[in-house]
Structures are given as C-alpha cells and as structure tokens.
Amino acid sequence: MAITSTLTTSFKKELLEGKHNFLASGGNSFKLALYTSSATLGAATTAFTTTGQASGTNYTSGGSALTNINPTSSGTTGFTDFADLTFGTATITARGCMIYNDTNADRSVATIDFGGDKTSTAGDFTIVFPAAAASTAIIRIA
C-alpha cells in the first residue's frame, strides 16, 4: 500500500470539462480527508474513499472543509491554494491525505504523502499548506 503525492489524472481531465471551481466565493466546497499507511492513493484515485481512512478522536469520516483561496497566476503558471486546516484536540495518526470536491460527487483533486506517519495525541493536527505562489502552491498548472 502506498500514497503518492500527485494531482490525480481524473482531476486533470475534469478541469478541462469545467467540473471544479476554486473561487473563494461561489466556488465548489473542497474537503481534506486523512489516511493511514494502509491506504492506496495516487494518480489513479478518482473519488473520496473510506478505505484506509484514518480514524480517531475529533476526526470525522470524510475529513473537514477547506477554505479556498482564489485562483491567480504569475508568469505562465496558474495556481490556487487553501488556508491551513486544523483538526483540534485530535488523537490521530495519518500517513497522508486526499483533497476532494465535496460539491461535485466527491471527485478527487490531489493525494499527498506526508513522508511518514504523523501523530497528535489530544492536540492539534494541522495541515500547513505551502504559500500561494507560482512555484509553491498546492495546485499549480505551468
């Protein structure tokens, strides 16, 4: 089992079909779900799944809603990002996560490997997104 950090192939196709809207106001709702090392997530992942999902105190199946940051561009790169997400007072272990479109059939956007198990014990489990910039944003099209 493995988690690969990637924009999913289905997401790339669905962008061309207009199925994802990242606007902060009026856009789709996106969520982030946490997964254990038993999950298999990567380019072929097409939608949210409960298989291999993490569980623990103050974590709900399906994860939590993300706050969209309006898409923008710099040079020849278009990009978007999300505000950091905290699961407060959580007791949980996760190896990675999936970002998915909660508004549109739970379609996958990206899978992310944390590089190892990350744990919190009755504390904050925080996902820190990179800066919203052309070379660092979590979703970039160059």
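The values are calculated or read from the model by the stated rules, or taken from the named source; none is laboratory data. Source: prediction; values computed, not measured. Every residue, glycine as well, gets a Cβ built from its backbone with ideal geometry; the counts of neighbours run over all protein chains shown. These area figures cover heavy atoms from the full protein model, side chains too; ligands, DNA and RNA do not enter into them. Shrake-Rupley method; radii C 1.70, N 1.55, O 1.52, S 1.80 Å.
Placing R0 at 30 angstrom, the Cβ-Cβ distance between residue 65 and residue 4 gives a FRET efficiency of 0.80 after rounding to 0.05.
Over the chain, dividing the summed -39,500 (n - 2.57) contributions of all DSSP H runs of at least 4 residues by the number of residues returns a 222 nm mean residue ellipticity of -1500 deg cm²/dmol. Here each label is just a point 7 Å from Cα along the line to Cβ, and for residue 119 and residue 141 those points are 4.1 nm apart. Within the full protein context, the accessible area of residue 59 is estimated at about 20 Å² for a probe radius of 1.4 Å. For the modelled label position 7 Å from the Cα of residue 16 along Cα-to-Cβ, which residues of region 29-65 have backbone nitrogen atoms closer than 17 Å? Counting only backbone N, you get 44.
Split the accessible area of the chain by element, probe 1.4 Å, and carbon with sulfur accounts for 50%. With protein chains left intact and a 1.4 Å probe, residues in the chain average 48 Å² of accessible area per residue. When the square roots of the Cα gyration tensor eigenvalues are ordered a ≥ b ≥ c, the ratio a/c for region 1-91 is 1.5 or more and a/b does not exceed b/c, which makes its shape oblate. Accessible area ranking (1.4 Å probe, heavy atoms, ligands and nucleic acids excluded), largest first, for 55, 38, 120: 55, 38, 120.
In plain terms, the chain from residue 58 to residue 84 could stretch by 7.7 nm, reckoned as 0.36 nm per residue minus the Cα-Cα distance. Each Cα pair under 8 Å and six or more residues apart adds its sequence gap; the mean of these over the residue count of the chain is a relative contact order of 30 percent.
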